[in-house]
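One structure below.
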Amino acid sequence: MHGPGKHAPIPGKRGTAVYEPTTLYIKPGCPCCHAAQAFVEYEGIPARIINVLADLSRYRQELIHLAGKAVVPVFVQGSEVRIGFKNLSADCGGW
């Protein structure tokens, strides 16, 4: 199990990893979140997409518990947590 800030394997249609339930926390207007969601859709990864602005207080606390800080995008796959999205150079800082 990876702790906060550690990188979890995110499978894609070209990868060999086994799919686990995946959740992606995003915020509208965040370029990193947009890229992460586009990646999930392109790769065909079945994911539950959560807009943190739908219930900011709840999801802020949830992300702090999962990732150690309130930042997006965050991938959660099984017990693995991955903060950010490396394929985009934009800063995804906290909110």
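None of the figures in this text is laboratory data; all of them are computed from the coordinates on show. Everything numeric here is computed off the predicted structure, so don't read it as measured data.
Taking θ = phi - 60°, what integer Hz values does the Karplus form 6.51 cos²θ - 1.76 cosθ + 1.60 yield along the stretch 28-41, in sequence order, with x for Gly and Pro?
Each residue of the stretch 28-41 in turn: x, x, 8, x, 5, 5, 4, 5, 5, 5, 4, 4, 4, 5 Hz.
Can you list the HN-Hα couplings for the stretch 75-84, worked out from phi with the Karplus curve (6.51, -1.76, 1.60; θ = phi - 60°), rounded to whole Hz and with x for Gly and Pro?
9, 10, 10, x, 9, 8, 10, 10, 9, x
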